[in-house]
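All remarks here apply to the structure that follows.
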Amino acid sequence: MSETRIVTSSAPLRGEMTVPGDKSISHRSIMLGSLALGTTVVRGFLHGEDNHSTLRAFRAMGIEISEEKDGVICIAGKGLNGLQEPGDVLDCGNSGTTIRLMSGLLAGQKFFSVVTGDRYLRKRPMKRVVTPLTQMGARIWGRGGGDLAPLAFQGGELKPIDYTSPIASAQVKSAILLAGLSCDGETTVREPHLSRDHSERMLAYFGADIRPFAGGVSLLGRPRLEGREVVVPGDISSAAFFMVAALIVPGSELLIRNVGVNPTRSGIIDILRAMGGNIELLDERTVSGEPVADLLVRASSLHGIEIGGAVVPRAIDEFPVISVAAACASGQTIIRDARELRVKETDRIAAMVTEMSKLGAILEATPDGMIIAGGAQLHGAAVESFGDHRIAMSCAIAALQAGSAVTIYDTGCTATSFPNFWDLLESVRQ
Ligand code: S3P
């Protein structure tokens with residue numbers, strides 16, 4: 001998977017493009033499609049490695065999932081009690097969403113299962129889902145006192161809970177809601193700030209009785225879920241790389257079509273606009289219960305800002321590329337309340353500080369964020385991805401503004417979420 005890329009500075013980026021389907025929505029389409037009765041057809045599914053981990057796991061539990069023309073996915077759902085005991089360990093690869101959401105689901109099944117992942121995923125904390133699931137009556141074992149994969153589940157009856165999560169995490173919220181599907185009665189999850197709500201929207205779209213309220217969401221157990229057509233919009237987290245690229249390379253203008261702009265994900269637009277970025281939303285519409293728009297982005301002179309609070313979970317995957325925008329902006333940017341970045345695919349605070357420093361940016365890590373001086377002229381160097389797709393792509397965007405070539409090691413990981421990233425980048429460079 002390891003691969004090296006050399007990226008040089010760029011003339012203006014121009015033209016129209018679409019980015020691949022939303023990773024979060026694609027995962028959930030497989031999960032809910034499997035638990036629904038009847039066929040679910042998924043258009044615009046992200047054929048990235050993370051989503052294929054989810055797809056393989058559900059096939060291993062007896063669900064028929066076929067791939068049709070143009071990458072369309074058809075799932076023959078078997079209902080809430082239709083999953084079968086897998087014959088082997090379920091390998092979630094690099095995917096935190098797969099392992100955590102499936103933990104919620106597996107806890108309430110009437111069979112034994114084991115989930116694991118690659119060397120990065122096996123270092124990421126699982127107590128955040130194991131703790132509430134155990135409170136629901138789940139029986140789960142794992143390394144590090146139940147915090148680290150592999151995790152083993154002896155599934156069984158669960159009881160609903162009213163859980164207040166200490167962190168704003170859609171993975172935690174969704175794991176509990178998926179566990180709540182198998183319970184009698186109402187499961188409630190509360191969180192300090194609203195995290196992405198794709199699970200809630202898709203559960204409602206498939207027919208569940210789910211009620212969001214200020215500070216949380218409640219779900220009535222044992223719903224009848226019906227197979228649906230799901231049209232997955234382009235992933236705003238993938239579009240973010242091209243938004244920042246078009247803003248920082250003078251003379252650029254990009255139209256990124258069909259991007260999901262769910263307000264729980266669109267923090268990147270608010271942040272870049274607050275930095276002075278010229279981003280227009282065109283043709284706003286709703287598709288399969290999700291807000292979608294075309295984004296017109298024009299090169300802009302950016303300035304530093306302070307970022308913290310409720311916008312952080314709304315932009316949680318975008319901080320690597322936000323740090324690139326901030327390094328190219330005038331003045332200081334302060335990112336706080338983003339401690340979660342330390343437990344993503346890698347420690348994204350440490351990774352961006354070391355790698356951007358190699359390129360000449362002036363920035364320092366804080367326990368829960370970064371302080372970025374802005375205004376430094378970036379130069380070429382050799383940088384590492386640490387096997388993290390978003391670090392690799394952020395370094396590529398920084399390279400567009402560097403005075404000499406940037407070598408990026410270990411870039412094969414971009415296939416996790418954005419398999420055609422390099423081709424698309426080439427196609428919009430003039
Ligand atoms: C995701 C939720 C986020 C995000 C991840 C995908 C999801 O993680 O970072 O890339 O699909 O639910 P947390 O919920 O742990 O913040």
Give me the dipole magnitude in Debye, nearest 20, for the chain about the Cα centre, with unit charges on the beta carbon: positive for Lys and Arg, negative for Asp and Glu.
740 debye
Summing Lys, Arg as +1 and Asp, Glu as -1, what charge do residues with Cβ under 15 Å from the Cβ of Ala175 carry, Ala175 excluded?
+4
Would you please name the GluC sites (Glu not before Pro) within the stretch 357-430 that are DSSP coil residues with at most 15 other C-beta atoms within 10 Å of their C-beta?
none
Let me make sure I get this right: for the stretch 314-430, a, b and c are the square roots of the gyration tensor eigenvalues over alpha carbons, sorted descending. Under 1.5 in a/c it's rounded, otherwise prolate if a/b > b/c, else oblate. Which is it?
oblate
Would you look at the GNM of the chain, springs on alpha carbons closer than 10 Å, and say which of Glu229, Glu16, Glu67 moves the most?
Glu67
Given q = 0.16, 0.18, 0.19, 0.23 Å⁻¹, what are the Debye log10 I(q)/I(0) values for the stretch 84-153, with equal point scatterers placed on the Cα positions and solvent ignored?
-0.45, -0.57, -0.64, -0.96
Among Ser95, Leu151, Ser53, whose Cα sits farthest toward the positive end of the charge dipole of the chain (+1 at Cβ of Lys/Arg, -1 at Cβ of Asp/Glu, about the Cα centre)?
Leu151
Taking every DSSP beta bridge with both residues inside the chain, roughly what % is antiparallel (nearest 5)?
70 percent
Would you give the gap between the C-alpha center of the stretch 1-32 and the C-alpha center of the stretch 337-399, rounded to a whole Å?
19 Å
Could you give the distance between the Cα centres of the stretch 33-103 and the stretch 126-168, to the whole Å?
22 Å
Any idea of Val89's accessible area? Nearest 10 Å², probe 1.4 Å.
70 Å²
Can you send over the solvent-accessible area of Lys23, 1.4 Å probe, protein chains only, in Å² to the nearest 10?
20 Å²
Electrostatic dipole magnitude of the stretch 23-231 [Cβ: Lys, Arg +1; Asp, Glu -1; Cα centre; debye, to 20]:
460 debye
Quick one: Kirkwood hydrodynamic radius for the stretch 159-303, alpha-carbon pairs, angstrom, one decimal?
16.8 Å
Using Cα springs under 10 Å in a Gaussian network model of the chain, which residue among Thr98, Thr131, Thr54 shows the largest mean-square fluctuation?
Thr131
Largest to smallest principal axis extent of the C-alpha atoms in the stretch 249-370, angstrom
40, 33, 22
How long is the stretch 161-210 along each principal axis, judged by its Cα atoms, biggest number first, in Å?
27, 21, 13
Which of Ser29, Ser66, Ser182 ends up with the largest GNM mean-square fluctuation for the chain, with Cα atoms connected below 10 Å?
Ser66
Relative to the longest principal Cα axis of the chain, at what angle does helix 96-107 sit, 0 to 90 degrees, rounded to 10?
10 degrees
Towards the positive end of the charge dipole of the chain, with charges on Cβ (+1 Lys, Arg; -1 Asp, Glu), say which of Thr366, Ala274, Ala245 has the farthest Cα.
Thr366
Explain nothing, just the number: dipole magnitude of the stretch 280-430 about its Cα centre with +1 on each Lys and Arg Cβ and -1 on each Asp and Glu Cβ, in debye rounded to the nearest 20.
300 debye
Per 10 angstrom bin, beginning at 0 and ending with the bin that holds the maximum distance, the Cα pairs of the stretch 33-174 fall in percents of 12, 41, 35, 11, 1
For the chain, the Debye formula with one identical point scatterer on each Cα and no solvent gives log10 I(q)/I(0) at q = 0.12, 0.14 Å⁻¹ as -0.95, -1.27
Run the numbers on the stretch 274-430 and let me know its relative contact order in percent, using alpha-carbon pairs under 8 Å that are six or more apart.
17 percent
Of the listed pairs Lys69/Lys110; Lys123/Lys358; Lys23/Lys123; Lys69/Lys123, those with alpha carbons more than 32 Å apart are Lys69/Lys110; Lys69/Lys123
Grab the DSSP H runs of the chain that are 4 residues or longer, score each as -39,500 (n - 2.57), total them, divide by all residues and round the 222 nm result to the nearest 500 deg cm²/dmol.
-9000 deg cm²/dmol
Take every DSSP beta bridge whose two residues both sit in the stretch 129-244, then give the antiparallel share in percent to the nearest 5.
80 percent
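The values are calculated or read from the model by the stated rules, or taken from the named source; none is laboratory data. Bear in mind the structure is a predicted one, so any value in this text is a computation, not a measurement. As a convention, Cβ positions derive from the backbone with ideal geometry for all residues, glycine included, and neighbour counts pool all protein chains shown. Keep in mind that these areas ignore ligands, DNA and RNA; they rest on the heavy atoms of the full protein, side chains included. Shrake-Rupley method; radii C 1.70, N 1.55, O 1.52, S 1.80 Å.
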